[in-house]
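Below is one structure, written out as structure tokens; the observations come after it.
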């Protein structure tokens, strides 16, 4: 096991080296090989794969572009005041290995990569890739027991697909995750769902399992404060995974996605939603479906990089508080024997 000095995990100082210079890593953090990262608290990972895409491909290119735009991020959250790099050791763990022409093998390789991370007690923060990448990540993160999930998306991604249990695409990851016992459906909440469907069952299947669905109409009717309260009610103190699909944001703000749906969130609403998750027991998160070829301006990748920093702050704050709590518990146990 390699033990590195805590200063190793500080991002390259943007005041000392221009943000546009040097090798692009997530947040300008150091790169650490995932096989030897046991002293890392939060690992940022790319999953450059869109083999589950059913419309416009291109999300395989997102990790590289989001890395580039994430070099623009700084050190302190503007409203929560969280300084993630002071709370946790964060690093770029590179990309999960994939097979560009074999879907099932890619699922297996991604799961194995994340098993390597999870067994070292590293919290994963990922950039896909299409939304199917969430399934192998959950297979590693939720291997021991079902967890809760906050899912921000235009689509439920709980479709049975074209051939039921043998169908794997970016529209089916959470159908499989629930059937495989990775998610507790009564602790799953989806926000921003909209757009036309193939059949009514596209939405009804999740509802039948106990999933709480807040479509965009309800979001606009009750307001973001009530939505955040509902998220906390549904999830409670259950360990929770966050999955954020960039197509939840209106294509006027984020056109760089393979399955755009009009009538979505503004970029600020998306930020506010993520900030509202502060206080949940977040044990991992992913950001998916950014497709750079669909947005030559790079604005979608900038939104993605900004949301990635928002997620990193929440994960770091949660991990720090859990360590403090565990330390206090240890001190209390010791005091009983004094």
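Overview of values
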| read-out | value |
| --- | --- |
| Per-peptide average of other Cβ atoms within 10 Å, ordering 315-325, 223-233, 283-293, 122-132 highest first | 122-132, 283-293, 315-325, 223-233 |
| Full-extension gain in nm, residue 56 to residue 221, via 0.36 nm per residue minus C-alpha separation | 56.2 nm |
| Of [x] 62, 52, 40; [y] 71, 41, 35; [z] 61, 39, 37, the label for Cα extents along the principal axes in Å derived from the coordinates | [x] |
| Ranking of 8, 265 by count of other Cβ atoms within 10 Å, fewest first | 8, 265 |
| The chain, relative contact order [Cα under 8 Å, separation at least 6], % | 20 |
| GNM result for the chain, Cα springs below 10 Å: residue of 101, 235, 40 fluctuating most strongly | 101 |
| Residue order, fewest to most surrounding Cβ atoms within 10 angstrom, among 49, 205 | 205, 49 |
| Residue of 54, 25, 15 that the Gaussian network model of the chain assigns the largest fluctuation, springs spanning Cα pairs under 10 Å | 15 |
| Residues 172, 79 arranged by fewest to most Cβ contacts within 10 Å | 79, 172 |
| Cα centroid separation - region 117-181 against region 284-327, whole Å | 17 |
| Value of [θ]222 nm, deg cm²/dmol, for the chain, DSSP H segments ≥ 4, -39500 (n - 2.57) each, nearest 500 | -11000 deg cm²/dmol |
| Top of 100, 59, 177 by mean-square fluctuation, Gaussian network on the chain, Cα under 10 Å | 100 |
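All of the numbers you see were taken from the coordinates with simple rules; none came from a lab. Quick caveat: nothing in here was measured; it's all calculated off a predicted structure. In this analysis, Cβ positions are derived from the backbone assuming ideal geometry, glycine residues included, and neighbour counts consider all displayed protein chains.
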